[in-house]
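First comes the structure, then the notes that go with it.
The values are calculated or read from the model by the stated rules, or taken from the named source; none is laboratory data. Just so you know, these numbers come straight off a predicted model, no measurement behind them. In this analysis, Cβ positions are derived from the backbone assuming ideal geometry, glycine residues included, and neighbour counts consider all displayed protein chains.
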Amino acid sequence: MKSVRFDGKSIVRIVDVPEPEPGADEVVVATVVSAICGSEMKAHKGDGQANGNPGHEAAGVVERVGANVTGIKVGQRVGASAIAGCGHCSFCARGQYTWCNNYKFYGSMHAEKFVIAARACHLLPDDVPWEVGVLISGDGLGVPYHSSTRMPKDGVDSVAVFGLGPVGLGNVLLQTYLGRRVAAIDLSEYRLDYAMKLGARWPVRAGTPTTVEQILELSAGQGVDIAIEAAGRPETAKQCFAVARKGGTVVFNGEQGELLLSPSDDFIRRDITALGCWFYHFREFGDMLRLYRNGLRVGDLVSHNYPLAEAPEAYAEFAAGRTAKVLLRMQA
Ligand SMILES: [Zn+2]
Ligand SMILES: [Zn+2]
């Protein structure tokens, strides 16, 4: 079967690989769509990936089931949660796979078929199109949704989103839907425009000497209620603290290594709360499905669809900031 391969230094190829076999409690899914995530850029631009590929958001049709699988049948439409809990611990019992001490990460979903734990599959109802199913079972909407559950609910009027890759844009879409006024910050003109189409009120160009000042002005000099770091960069993380109001909240979505913060200046003297959000809880799928059915325009996050054979072009456009969420289509 065909699969994406990262050779490193931004080189993407389509290669032939053996078809995956389902182990016990696993299924093999014939992929219909997989989605490109900003977190893949590190391997894409850097050293590549020797085995498989970093694809971790996909949806398709169950083709084979392994031993012990019950409740999922060949032919059903499913979306995959790339993180599967052990299935036995108290976290797993509550559908919190990301908190399981023995979770397993499933990748290699940029391929014609992929293997996934049966308990990490969401059945996709008939009214959910593929492009929505892949986003509400992956981190495309999963991270913005899970983040929203961790944020304060009351008295939130203004939100600043730093970094308008797919997760940042997902935050723009969801926070706007929740009635908040959103400032969207990025270097890419394309993504600033895209954020406005999703409902952002204020586009702010990143990396200028007045970026922070501009955001403070938009919030009458007081700062925003919530600042979301979705760029994964120390300078934008520092800016999140600079634009958060007294008593405000900083949310970390973008992965990064180390960051210099002052407990006194960044937290204590302004009563700041900072929190992290990783992926989403498996049980939150139903909440996201409800939001979609209530009018959240999840599909609007997708700007481009490419056939698998054109994955090299898809990654080049994504890496250049000329796309929002990008889907690879495995079947016509
Ligand atoms: Zn991701
Ligand atoms: Zn577990």
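Among (1) over 22 Å from Gly165 (Cβ atoms); (2) under 24 Å from the mean Cα position of the chain (by Cα), there is one condition Pro18 misses while meeting the rest; what is its number?
(2)
I'd like the residue in the stretch 85-108 that is more than 9 Å from ligand 2 (Cβ to nearest atom) and not β-branched (Val, Ile, Thr) and, out of all such residues, is farthest from the chain's Cα centre (by Cα). Quick ask: steps written out before the conclusion?
Filtering the stretch 85-108 for residues more than 9 Å from ligand 2 (Cβ to nearest atom) gives 94-95, 98, 104-108.
Filter again for not β-branched (Val, Ile, Thr), leaving 94-95, 104-108.
Numbers: Arg94: 22, Gly95: 19, Lys104: 18, Phe105: 15, Tyr106: 15, Gly107: 14, Ser108: 16 Å.
Once the filter is applied, the top-ranked residue is Arg94.
Name the residue, out of Ala80, Ala50, that is at pLDDT below 95 and within 28 Å of Arg5 (Cα to Cα).
Values: Ala80 fails: at pLDDT below 95.
Residue meeting the stated conditions: Ala50.
Would you pick out the residues in the stretch 64-81 that are surrounded by 16 or more Cβ atoms within 10 Å (Cβ to Cβ) and closer than 14 Å to Gly23 by Cα?
Answer for the stretch 64-81, where residues must be surrounded by 16 or more Cβ atoms within 10 Å (Cβ to Cβ) and closer than 14 Å to Gly23 by Cα: Arg64, Val65, Gly66, Val69.
If a residue must be without any contact (Cβ under 8 Å) to a residue 40 or more places away in the chain and either outside the structural domain of Met196 (by TED's automatic domain parsing) or in a helix (DSSP H, G or I) (or both), how many such residues does the stretch 145-160 contain?
To start, the set of residues in the stretch 145-160 that are without any contact (Cβ under 8 Å) to a residue 40 or more places away in the chain comprises 148, 153-154.
Next, from what is left, pick out any that are either outside the structural domain of Met196 (by TED's automatic domain parsing) or in a helix (DSSP H, G or I) (or both): 148.
Looking only at that region, the number is 1.
Within the stretch 214-264, can you find the residues that are surrounded by fewer than 14 Cβ atoms within 10 Å (Cβ to Cβ) and in a helix (DSSP H, G or I)?
Hits for the stretch 214-264 are Glu217, Glu235, Pro263, Ser264.
Which of the numbered conditions does Leu141 fail, given that it passes all the others? Conditions: (1) touching a residue at least 24 places away in the same chain (Cβ under 8 Å); (2) over 22 Å from the mean Cα position of the chain (by Cα).
Every condition holds for Leu141 apart from (2).
Return the residues of the stretch 22-42 that are in contact with a Phe, Trp or Tyr (Cβ under 7 Å, 6 or more places away or on another chain), away from ligand 1 (no atom under 15 Å from the Cβ), among the hydrophobic types (A, V, I, L, M, F, W, C) and more than 13 Å from Ala120 (Cβ to Cβ); say none if nothing qualifies.
Within the stretch 22-42, just Val32 meets the criteria.
Which of the following residues is of a type outside the set (Lys, Arg) and surrounded by fewer than 20 Cβ atoms within 10 Å (Cβ to Cβ): Ala84, Ala58, Ala93? Explain how you work it out, then say what you get.
Working: Ala84 fails: surrounded by fewer than 20 Cβ atoms within 10 Å (Cβ to Cβ); Ala58 fails: surrounded by fewer than 20 Cβ atoms within 10 Å (Cβ to Cβ).
From the options Ala84, Ala58, Ala93, the qualifying one is Ala93.
Any residue that is under 19 Å from Ser34 (Cα atoms), within 16 Å of ligand 1 (Cβ to nearest atom) and not in a loop (DSSP other than H, G, I, E, B) - is there at least one of those in the stretch 108-117?
Yes, because at least one residue in the stretch 108-117 is under 19 Å from Ser34 (Cα atoms), within 16 Å of ligand 1 (Cβ to nearest atom) and not in a loop (DSSP other than H, G, I, E, B).
Given the criterion in the same structural domain as Val182 (by TED's automatic domain parsing) and touching a Phe, Trp or Tyr at 6+ places or on another chain (Cβ under 8 Å), identify the matching residue among Ile272, Ile226.
Ile272
Evaluate the stretch 244-256: report whether one residue or more is under 30 Å from Asp127 (Cβ atoms), touching a strand residue (DSSP E or B) at 6+ places or on another chain (Cβ under 9 Å) and not assigned by TED's automatic domain parsing to the domain that holds Glu57.
Yes, some residue in the stretch 244-256 is under 30 Å from Asp127 (Cβ atoms), touching a strand residue (DSSP E or B) at 6+ places or on another chain (Cβ under 9 Å) and not assigned by TED's automatic domain parsing to the domain that holds Glu57.
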